[in-house]
Amino acid sequence: MIWLLLAACGPTERASPVPQSSKVLGPPSAAASTLPAPASEGAPPATPSFIPPADARASTAFVFLGDTGKGGPGQKRTADAVKAWCAERRCDFVAYLGDNLYPEGAQSADDPIFKEKFEVFWEGFDGPFWVALGNHDHYGKIEAEFAYAKTSKKWKQPAAWYTFTQGEADFYVFDTDKEEEGSISADQLAWLGE
């Protein structure tokens, strides 16, 4: 059984800010009745409900986070909530879903942006963080993220697309910004079919 904690960093470039929110997804009937309401702007995010799996040894617990690389108070609140949630329950890993380093990605493995937009928020939390690319990461040198992964104890990103196994589950990470926006390139589809 897989349990997901989804969190939004907001606000975005939209005229009105996106409220902080998070929720746990499990069996629809059980999870639907326990989801917290989104917090109002400036308020701390609500603590998500948690429904433990019947057999925790056969489960994989992880967090999905996207558009996290802006820094600032929204990212700090989200990171603090994730760290607290994982400390109280369990997280096998965090998946970074792209747009990890705003506004224009990294230029090298030792670019200060990794400390400013990642490390500072995750002090005291070891992860690991399995990282996917987003369009803002492509504005920089994506190879810088792969090189950083070789020196970081937390950041895991061996390539633009890859697979990893956690517990009984296999995960596939794609680069959907490669050719046509929102699509998976032919070489990635061929790799998937191998």
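The values are calculated or read from the model by the stated rules, or taken from the named source; none is laboratory data. Just so it is clear, the model here is predicted, and its values are computed rather than measured. For neighbour counting, all protein chains shown are included, and Cβ atoms are generated from backbone atoms with ideal geometry for every residue, glycine included. Just so you know, the surface numbers come from the protein's heavy atoms only, side chains and all, with ligands and any DNA or RNA stripped out. Shrake-Rupley method; radii C 1.70, N 1.55, O 1.52, S 1.80 Å.
Do you know which residues across the range 133-177 are at pLDDT 95 or above and polar (S, T, N, Q)?
Of everything in the range 133-177, those that are at pLDDT 95 or above and polar (S, T, N, Q) turn out to be Thr151, Ser152, Gln157.
Hey, which of the helices (runs of 4 or more DSSP H) in the range 122-194, taking only ones fully inside, have at least 2 residues that are open to solvent by 70 Å² or more (accessible area, probe 1.4 Å)?
142-151, 186-193
Does the range 105-114 contain at least one residue that is out of contact with any helix residue (DSSP H, G or I) (no Cβ under 6 Å at 6 or more places or on another chain), assigned to a loop (DSSP other than H, G, I, E, B), surrounded by fewer than 19 Cβ atoms within 10 Å (Cβ to Cβ) and charged (D, E, K, R)?
yes
Within the set of pairs 6+ apart or on separate chains, which have a first residue in the range 73-95 that is closer than 13 Å to Thr60 by Cβ, a second that is of a type in the set (S, T, N, Q) and open to solvent by less than 10 Å² (accessible area, probe 1.4 Å), and C-beta atoms under 7 Å apart?
Listed by first residue and then by second, the contacts come to Asp92/Thr60.
Report yes if Phe62 is modelled with pLDDT under 95 and open to solvent by less than 10 Å² (accessible area, probe 1.4 Å), otherwise no.
yes
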